[in-house]
C-alpha cells in the first residue's frame, strides 16, 4: 500500500496553505508520496521546500516511554486514513494517508512555487476551508476539528 504524507501548513496568522495542482481544479492539502527509504517527516520537509520554498516545523508532542527518565519525541499525524479509488487510468489505487500539522518557519513572501506541478496556492482561514465548495470533505472535517 502506498504511503502519502499531507500537511496542514499554517502561517503566523493561523491561515492554512491549500494548493491546486496542474492536473486537477480542486483545493487540496500539499501532499507527497514517499521516495524509497524516505521517512514521512523527511518527505514533508523536502517537498515543501521543493514545491513552495518553505521551511517548516512539524508540530510535535512528547511520548513517555516505560522509564520516566526517557522522553522520546515523535511527530504525530493529526489523522490518518486508508483510501481506495480508481485512477484516471482505471486501476485501483490503495494508499494510507498521514496528515500532519506544520508551521512555516520562513517568511511567506519567500514562497516560490514549483511551476511544473503547482497551478495555484492560497492561505485560507479555517472558516474559509469549511465553506469551500471545491475541496474534499475530509479537509473540511479536519478544519472543523482544528477550529475547536
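The values are calculated or read from the model by the stated rules, or taken from the named source; none is laboratory data. Please read all numbers here as calculations on a predicted model, not as lab measurements. All Cβ positions, glycine included, derive from the backbone under ideal geometry; neighbour counts span all protein chains shown.
Quick notes
- Number of residues in region 105-148 that are out of contact with any strand residue (DSSP E or B) (no Cβ under 9 Å at 6 or more places or on another chain) and not in a helix (DSSP H, G or I) equals 7.
- Check on residue 94, loosely packed, with under 10 Cβ neighbours inside 10 Å, touching a strand residue (DSSP E or B) at 6+ places or on another chain (Cβ under 7 Å) and either in a strand (DSSP E or B) or at pLDDT 80 or above (or both): no
- Flag for residue 89 being at pLDDT 90 or above and either part of a strand (DSSP E or B) or over 12 Å from the mean Cα position of the chain (by Cα) (or both): no
- Count of residues meeting criterion [over 14 Å from the mean Cα position of the chain (by Cα) and over 20 Å from residue 130 (Cβ atoms)] in region 26-49: 5
- For region 102-111, the set of residues classified as surrounded by 11 or more Cβ atoms within 10 Å (Cβ to Cβ) and either over 13 Å from residue 48 (Cα atoms) or at pLDDT below 90 (or both) consists of 106, 107, 108, 110, 111, listed by residue number.
- Contact map, region 46-71: residues that are assigned to a loop (DSSP other than H, G, I, E, B) paired with residues that are surrounded by 14 or more Cβ atoms within 10 Å (Cβ to Cβ) and modelled with pLDDT of 60 or more, Cβ distance under 6 Å, separation 6+ or inter-chain. Pairs shown: 53/111; 54/48; 54/104; 59/101.
- Restricting attention to region 122-133 and to residues that are more than 16 Å from residue 14 (Cα to Cα) and touching a helix residue (DSSP H, G or I) at 6+ places or on another chain (Cβ under 9 Å), the residue that is surrounded by the fewest Cβ atoms within 10 Å (Cβ to Cβ) turns out to be 131.
- Residue 99 surrounded by 10 or more Cβ atoms within 10 Å (Cβ to Cβ), in contact with a strand residue (DSSP E or B) (Cβ under 9 Å, 6 or more places away or on another chain) and either over 28 Å from residue 25 (Cα atoms) or at pLDDT 90 or above (or both): no
- A residue that is assigned to a helix (DSSP H, G or I), at pLDDT 75 or above and closer than 25 Å to residue 145 by Cβ cannot be found anywhere in region 74-82.
- Some residue of region 65-72 being at pLDDT 80 or above and either surrounded by 15 or more Cβ atoms within 10 Å (Cβ to Cβ) or farther than 17 Å from residue 5 by Cα (or both): no
- All positions within region 1-45 that are surrounded by 15 or more Cβ atoms within 10 Å (Cβ to Cβ), at pLDDT below 90 and part of a strand (DSSP E or B): 3, 4, 5, 6, 21, 31, 32
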